[in-house]
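The values are calculated or read from the model by the stated rules, or taken from the named source; none is laboratory data. The structure displayed is predicted, hence computed values, not measured ones. All Cβ positions, glycine included, derive from the backbone under ideal geometry; neighbour counts span all protein chains shown. Note: accessible area is taken over every heavy atom of the protein model, side chains too, but ligands, DNA and RNA are not part of it. Shrake-Rupley method; radii C 1.70, N 1.55, O 1.52, S 1.80 Å.
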Amino acid sequence: MGNGKSDLALPLSELEGYGRQLRSIKTRLNHTKKLFESYKDDIGDGGVSDALGDFESNWDDGREDITQQLDALAGMSDAVVREFKKLDDELAKQANDAVKTEDKPGGNSDGGK
C-alpha cells in the first residue's frame, strides 16, 4: 500500500481471452471426426482410417464430459470479468460522487474551518 499500486489486480483482458480459448478448444474437439475424414484419402491404408474411426467413436463419451467442463470454465471466466467490471464501475461512481460532495460549498472540504 502507499506505493500507488492497486491492492487488487485482475487481468481482465487475459480472462476474457481465456473464455474464448476454452470455447475454441471445445470447437476443435468436436471437429476431430471431420479432420480425420479429411485425411482419409491421404492416409492410403484402410487400417489407419479404421483405427481413427474407432478412436473417434470411443472418444465421444469422454469428449462430452470435457466439453461440459470447458463450457462451465468459460462461463465462470465470463462471470468473473462481468462482475469485476460491474464492481469497478460502482466503485468509480462512488469515488466520483464523494469527490463531488467534497467540492460543493458546505461539503467536507477545509473551507468551513
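Quick grid of which residues meet (1) at pLDDT below 90; (2) closer than 16 Å to Leu22 by Cβ; (3) among the charged types (D, E, K, R):
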{"residue": "Asp71", "(1), (2), (3)": "no, yes, yes"}
{"residue": "Gly75", "(1), (2), (3)": "no, yes, no"}
{"residue": "Lys86", "(1), (2), (3)": "no, no, yes"}
{"residue": "Asp89", "(1), (2), (3)": "no, no, yes"}
{"residue": "Ala95", "(1), (2), (3)": "no, no, no"}
{"residue": "Ala98", "(1), (2), (3)": "yes, no, no"}
Here the residues within region 55-74 that are within 16 Å of the chain's Cα centre (by Cα) and exposed (fewer than 13 other Cβ atoms within 10 Å of the Cβ) are Gln68, Gln69, Ala72
Please name all residue pairs, on different chains or six or more residues apart, with Cβ atoms under 9 Å, provided the first residue is in region 86-106 and is free of Cβ contacts under 8 Å to residues at least 40 places away in the same chain and over 30 Å from Leu12 (Cα atoms) and the second residue is outside any helix (DSSP H, G or I) and open to solvent by 80 Å² or more (accessible area, probe 1.4 Å).
-> Thr101/Asn108; Glu102/Asn108
Go through the residues of region 29-45 one by one and say whether even a single one is under 26 Å from Asp78 (Cα atoms), open to solvent by less than 90 Å² (accessible area, probe 1.4 Å) and touching a residue at least 12 places away in the same chain (Cβ under 8 Å).
-> yes
